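Presented below is the structure to which this report refers.
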Amino acid sequence: MPLHLHAIFMQSADPPFDSREIRAHIERHVGAITEVFPGGDGVEICNAGPSQRRPWHTLITCGMSAHRIAVPETEPDAPRYLELMMTLPEDWKLDAQARTDGNWNWPITELARLAAMPRTGERWLGWGHTVAHGTPPVPYAANTKLCGVILAPSLVVKEGFYELHLEQGRVAFFSAIPLYREEMELRDRQGMAALLGKLIDNDINDVVQLGRRNVAKKRFGLF
């Protein structure tokens, strides 16, 4: 990160981290962890597998919050510690073969990429931020045109999961909700509330749908 940018960030040493607290929080509010995938550099990606109550795979990072986010002084209420999640349909393939297939493994790859950002200082992440997949954005896989995410509280978990209060501070859990390029552009033009309103109006939550409607497009063009 350029030196002139360091001056605007609040700096702090990384806090002590205990993955047991994160795992217990996941199992208390989401469901039993059925498998764990490596996310690199001390980060795990836990899968709370499908159940009768929650018929989805819920991938949740465990270890991103080991690194304090360098939040700008202009955002005093933004959480300094984050974990991220992505919710996948029950029939999403996560077996060993699928984890080498770009059509199926990109949620794990994307969560690992996002989780590394506080550690690398590439950028800070907070509520309503969008992160594109490439510049310019390119689809995550050949079977979808989704090409970025927006960070927001999940619509498919109870509010008790949103935060975990630990000795080192408040850990926020945000969903990384996949978006189309036009939806990210809509967010940039009209703001987070406008985009979320259109998603909710179209009954779109954060469960990944590879070919869902693009809410930033009309039949004959953009809104």
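Each value in this text was obtained by applying a stated rule to the coordinates, not by laboratory testing. None of the values given here were measured: they were computed from a predicted structure. Don't worry about glycine lacking a Cβ; one is built from the backbone with ideal geometry, like all the others, and counts go over all protein chains shown.
Could you give the distance between the Cα centres of segment 160-223 and segment 45-102, to the whole Å?
Centre-to-centre distance over Cα atoms comes out at 15 Å.
Counting other C-beta atoms within 10 Å, which of Tyr140, Tyr180 has the fewest, and how do the rest follow? Show your work: numbers first, answer last.
Working: Tyr140 24, Tyr180 21.
Sorted ascending by nearby Cβ count, the order is Tyr180, Tyr140.
List Val30, Val131, Val138 from most exposed to least, where exposure is judged by having the fewest other Cβ atoms within 10 Å.
Working: Val30 24, Val131 19, Val138 13.
Placing the least packed residue first, the sequence is Val138, Val131, Val30.
If you take the beta carbon distance between Lys218 and Ala194 as r and set R0 to 22 Å, what does 1/(1 + (r/R0)^6) give as a FRET efficiency, to the nearest 0.05?
0.90
What does DSSP give for segment 72-220 in terms of the percent of beta bridges that are antiparallel, rounded to the nearest 5? All intermediate terms of the calculation are to be shown ahead of the outcome.
Working: 12 of 18 bridges.
Here the antiparallel bridges make up roughly 65 percent for segment 72-220.
Around Met86, under 10 Å between beta carbons, what's the net of Lys plus Arg minus Asp minus Glu among the other residues?
Numbers: positive: none; negative: Glu110, Asp206.
After counting each charged neighbour, the total is -2.
Name the residue, out of Glu163, Glu182, Glu75, whose mean-square fluctuation peaks in a Gaussian network model built on the chain with Cα pairs under 10 Å.
Looking only at Glu163, Glu182, Glu75, the biggest GNM fluctuation is shown by Glu75.
Based on other C-beta atoms within 10 Å, arrange Thr100, Thr109 from fewest to most.
Listed from fewest to most nearby Cβ atoms, that is Thr100, Thr109.
Report the local net charge at Pro55: Lys and Arg +1, Asp and Glu -1, summed over other residues whose C-beta lies under 14 Å from its C-beta. Present the calculation step by step, with values, prior to reporting the outcome.
On the way: positive: Arg53, Arg54; negative: Glu90, Asp91.
Every neighbour counted, the sum reads 0.
Testing the spin-label approximation: label points 7 Å from Cα along Cα→Cβ at Glu159 and Ala116. State their distance in nm.
3.7
As an exercise, use a Förster radius of 25 Å and the Cβ-Cβ distance of Glu75 and Ser19 to find the FRET efficiency, rounded to the nearest 0.05.
Numbers: r = 27 Å, r/R0 = 1.08.
Once the sixth-power term is evaluated, E becomes 0.40.
Within 13 Å, Cβ to Cβ, of Glu185, how many net charges do the neighbouring residues add up to if Lys/Arg are +1 and Asp/Glu are -1?
Numbers: positive: Arg181, Arg187, Arg189, Lys198, Lys217; negative: Glu182, Glu183, Asp188.
Residues close to Glu185 contribute a combined charge of +2.
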